[in-house]
Amino acid sequence: MTKPPFASLDFAPAAVDVERREGGVQVLRSPQPLQPYARCLGEHLERWAGEAPERIFLAERAGEGWRRIAYGEALAQARAIGAALLSRGLSAERPAMVLSDNGIDHALLMLGALHVGVPVAPVSPAYSLMSKDYAKVKAIAALLRPGLVYAADGARFAGVLQAVDFGGAEIVLGANTPAGLKATAFADLRQAPGAEVDRAFAAVGPDSIAKFLFTSGSTGEPKGVINTQRMLCSNQQAIRQVWPFLAATPPVIVDWLPWNHTFGANHNFNMVLANGGTLYIDDGKPVPGLIEKTVANLREVSPTIYFNVPRGFDALIPFLERDAALRKNFFARLQMIFYAAAALPQNLWEKLEALSAQERGKRTVMVSAWGATETAPMVTTVHFEIDRAGVIGLPAPGTELKLVPNENKLELRVRGPNVTPGYWKRPDLTQAAFDAEGFYCIGDAGRFADPQEPARGIEFDGRIAEDFKLMSGVWVHVGALRVKALAALAPVAQDIVVTGHDREEIGFLVFANPAGCRGLCPDLPAEATAEQALADPRVVAHVRQAMARLKQEGGGSSTYAACALLMAEPPSIDANEITDKGYINQRAVLARRAALVERLYAKPIDDRRNSSGDAAVIRI
């Protein structure tokens, strides 16, 4: 069946220069040189406040409507807040720490800090709101020694504010100051800007620290990634060069992705700022009870680009399929759909294509990119038409991508102006992160989509550390198998962790999707628990049949699982099993749930449900 054509979009030509070295090492570069970029992000704010002062920059929900702020007002507010930060003596040694979700006041504090050279450190709200011991917030506060700590709602963050020693930092709250807590109102965090703001702004340079972003990795110990102005501004210039359509149509986006992560902040927020666009801050998330807020926002605002992670698309697609008005508004002026942070299962890709074709008779261009917190974030990006998930694009202008043979894969390493100078106060981690040539060792693997035509792009090939060998010596490529299995086990599987290191066969630990399980059992009583849904024979049969189909597709023991277990307990953020973007940490899950792994491989089969409500082991 012939697919409808793509809607046209102005991209830079797909091209790459390949330097081949001894030992199979290859270095990829864009033939397009990186053009001069802004000295600091504040230059973008100054530009658009001058050229389009009345254009809406940021909007957030306020009751039944929207609170909006234009570029001119945003600059005035940023300067006033910057003056207040300077008067308090904030600096890299006493930065501003943010605990809250995305919001206009959060953005204004961030912009004010960036304008006068005060680093800002947005911390995952989940560390404060979902954690039970606040261990990560305590560790981050001890590392940073902040001069100011901001939360939008004092009542909501009362627990962490009262439990964590912030070293005497000034507490700034948007509303609802808890009894007994000394705090400054955010509305008072402004003073008349004078020459000191102009001097501070002029002193901000490419190597000034803009942010500290935190990544935990597999150990759970927060690492403060230094983000400089050079990293952020060079990355935005590279984006503008490969996506020239941004200059013709300032982007309008509806976005929930958190600003404590590089995707939502450095890629999306900064892209809106750099190109004079408008950001509608989405107060929804891809979970039951909150995805409905995203849907309501998308009914009102038609984005020109839509960004999300795979879990977000999985949650949104059912609404697009059954709501014609939502679908019409979503695609009304949509130029591009963008996914990142994890691999997109092909079944979700095909559903999005079908929805686009149904609504507009054409396929909306779908793209991805690849990078990390340490790379600001974009290293490779898609700026050409692709017809399947998995391609992560070509190196951006100014960035070098080194492919190094590692076992049976090509390890990816990065060098360029977008790469971090290191980890805050951790010279040991910094030294270990770079090779002898100064390439950052990101830990991911890649391969050419077409080895004969490198310009067709690189495909993501999983994490080097996640892959393992079975006892037979056969390699298991975890990333590719996980994506394939998620598509096969839909709608039961929310996520999958692959097991089998040094064992005879692969197993799946499955984080179940309660709604998906219930969908297979429409007559299940409303009062039935999630655990009962997991154990329903129809759910078990669905999983067993999906596993059998994977085996029947062929490819050998490394391409299917012989056993699976549906888990009732969701992933724990305290145990570092999941990020607030929904990305599963495979190593952390395997370590914390080692007993479940043993259940998978027990002989005779352990067909009992355990005390946590996990279903029996399913075998084929």
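The values are calculated or read from the model by the stated rules, or taken from the named source; none is laboratory data. What you see is a predicted model, and the numbers here were worked out from it, not measured in a lab. Here Cβ is always computed from backbone atoms with ideal geometry, including for glycine, and neighbour counts include all displayed protein chains.
On the basis of being at pLDDT 95 or above, acidic (D, E), crowded, with 19+ Cβ neighbours inside 10 Å and under 27 Å from the mean Cα position of the chain (by Cα), does E60 make the cut? For E60, the condition - at pLDDT 95 or above, acidic (D, E), crowded, with 19+ Cβ neighbours inside 10 Å and under 27 Å from the mean Cα position of the chain (by Cα) - is met.
Restricted to the range 1-21, and to residues there that are modelled with pLDDT of 90 or more and of a type in the set (A, V, I, L, M), the residue that is farthest from A455 (Cα to Cα) is L9.
Would you check if there is a residue in the range 421-431 being among the acidic types (D, E) and either assigned to a helix (DSSP H, G or I) or modelled with pLDDT of 95 or more (or both)?
Yes - at least one qualifying residue is present in the range 421-431.
When we screen A113, A70, A49 for residues that are outside the structural domain of A152 (by TED's automatic domain parsing) and either within 27 Å of A296 (Cα to Cα) or within 25 Å of the chain's Cα centre (by Cα) (or both), the only hit is A70.
Looking at the range 367-386, which of the residues that are of a type in the set (A, V, I, L, M) and at pLDDT 95 or above is nearest to R322 (Cα to Cα)? Of everything passing the filter in the range 367-386, V367 is nearest to R322 (Cα to Cα). Annotation note: of V160, V149, the sole residue that is under 15 Å from M97 (Cβ atoms), touching a strand residue (DSSP E or B) at 6+ places or on another chain (Cβ under 9 Å), aliphatic (A, V, I, L, M) and without any contact (Cβ under 8 Å) to a residue 60 or more places away in the chain is V149.
Residue count for the range 298-313, restricted to those that are of a type outside the set (A, V, I, L, M, F, W, C) and within 28 Å of A493 (Cβ to Cβ): 5. When D387, D435 are checked against the criterion of being surrounded by fewer than 20 Cβ atoms within 10 Å (Cβ to Cβ) and under 15 Å from V27 (Cβ atoms), a single residue qualifies: D435.
Tell me which residues, restricted to the range 162-204, are closer than 14 Å to R88 by Cα and acidic (D, E). Across the range 162-204, the qualifying residues are E170, D188, E196.
A436 meets the conditions (1) at pLDDT 95 or above; (2) under 30 Å from L326 (Cβ atoms); (3) of a type in the set (A, V, I, L, M, F, W, C) in every case but one. The failed one is (2). If you go through the range 465-496 and pick out every residue that is surrounded by fewer than 18 Cβ atoms within 10 Å (Cβ to Cβ), on the phi < 0 side of the Ramachandran plot and in a loop (DSSP other than H, G, I, E, B), you end up with 6. Among the residues of the range 320-335, not a single one is more than 20 Å from P286 (Cα to Cα) and of a type in the set (D, E).
Can you go through R587, R608, R549 and tell me which one is surrounded by fewer than 16 Cβ atoms within 10 Å (Cβ to Cβ), modelled with pLDDT under 90, among the basic types (K, R) and not in a strand (DSSP E or B)?
Exactly one of R587, R608, R549 is surrounded by fewer than 16 Cβ atoms within 10 Å (Cβ to Cβ), modelled with pLDDT under 90, among the basic types (K, R) and not in a strand (DSSP E or B), namely R608.
Checking each residue in the range 18-30 for being more than 26 Å from the chain's Cα centre (by Cα) and either among the aromatic types (F, W, Y) or surrounded by 12 or more Cβ atoms within 10 Å (Cβ to Cβ) (or both) picks out V18, V25, Q26, V27. For the range 497-532, the candidate set comprises residues that are closer than 13 Å to A561 by Cβ and of a type in the set (G, A, S); within that set, the residue that is surrounded by the most Cβ atoms within 10 Å (Cβ to Cβ) is G500. Among the residues of the range 69-93, the one identified as in a strand (DSSP E or B) and either buried (at least 21 other Cβ atoms within 10 Å of the Cβ) or in contact with an Asp or Glu (Cβ under 8 Å, 6 or more places away or on another chain) (or both) is A70.
Looking across W370, W349, one residue alone is touching a strand residue (DSSP E or B) at 6+ places or on another chain (Cβ under 7 Å), of a type outside the set (A, V, I, L, M) and free of Cβ contacts under 8 Å to residues at least 60 places away in the same chain. It is W349.
Tell me yes or no: at least one residue of the range 414-422 is crowded, with 22+ Cβ neighbours inside 10 Å and farther than 29 Å from P119 by Cβ. Checked against the condition, which is being crowded, with 22+ Cβ neighbours inside 10 Å and farther than 29 Å from P119 by Cβ, the range 414-422 yields no hits at all. Is it the case that V98 is more than 22 Å from Q191 (Cα to Cα), of a type in the set (V, I, T) and modelled with pLDDT of 95 or more? So V98 fails the test. State yes or no: is F11 closer than 16 Å to P251 by Cβ, part of a strand (DSSP E or B) and not acidic (D, E)? It is false that F11 is closer than 16 Å to P251 by Cβ, part of a strand (DSSP E or B) and not acidic (D, E). Of all residues in the range 335-352, at least one satisfies being on the phi > 0 side of the Ramachandran plot and crowded, with 19+ Cβ neighbours inside 10 Å.
Residues of the range 500-517 include at least one that is more than 25 Å from the chain's Cα centre (by Cα), in the same structural domain as I584 (by TED's automatic domain parsing) and in a helix (DSSP H, G or I).
If we scan the range 242-253, do we find a residue that is within 17 Å of the chain's Cα centre (by Cα) and assigned by TED's automatic domain parsing to the domain that holds Q35? Within the range 242-253 (the criterion being within 17 Å of the chain's Cα centre (by Cα) and assigned by TED's automatic domain parsing to the domain that holds Q35), the answer is yes, since at least one residue qualifies. The residues of the range 115-131 that are of a type in the set (A, V, I, L, M), over 17 Å from G224 (Cβ atoms) and modelled with pLDDT of 95 or more amount to a single one, V116.
Mind checking whether some residue in the range 556-567 is surrounded by fewer than 17 Cβ atoms within 10 Å (Cβ to Cβ), free of Cβ contacts under 8 Å to residues at least 12 places away in the same chain, in the same structural domain as Y601 (by TED's automatic domain parsing) and over 28 Å from the mean Cα position of the chain (by Cα)? There is no residue in the range 556-567 that is surrounded by fewer than 17 Cβ atoms within 10 Å (Cβ to Cβ), free of Cβ contacts under 8 Å to residues at least 12 places away in the same chain, in the same structural domain as Y601 (by TED's automatic domain parsing) and over 28 Å from the mean Cα position of the chain (by Cα). Restricting the range 47-56 to residues that are assigned to a helix (DSSP H, G or I) and touching a residue at least 60 places away in the same chain (Cβ under 8 Å) leaves a set whose member that is surrounded by the fewest Cβ atoms within 10 Å (Cβ to Cβ) is E51.
Scanning the range 313-337 for residues that are small (G, A, S) and over 27 Å from P250 (Cβ atoms) turns up A315, A324. Within the range 289-303, being surrounded by fewer than 19 Cβ atoms within 10 Å (Cβ to Cβ) and in a loop (DSSP other than H, G, I, E, B) holds for G289, L290, V301, S302. Among the residues here, Q236 does not qualify as in contact (Cβ under 8 Å) with a residue 24 or more places away in the chain and surrounded by fewer than 19 Cβ atoms within 10 Å (Cβ to Cβ).
Within the range 533-552, residues that are among the acidic types (D, E) sit with their Cβ atoms under 6 Å from residues that are outside any helix (DSSP H, G or I), at 6+ positions apart or across chains, in these pairs: D536/C521. Residue by residue through the range 17-46, note down the ones that are polar (S, T, N, Q) and assigned to a strand (DSSP E or B). Selection gives Q26 alone.
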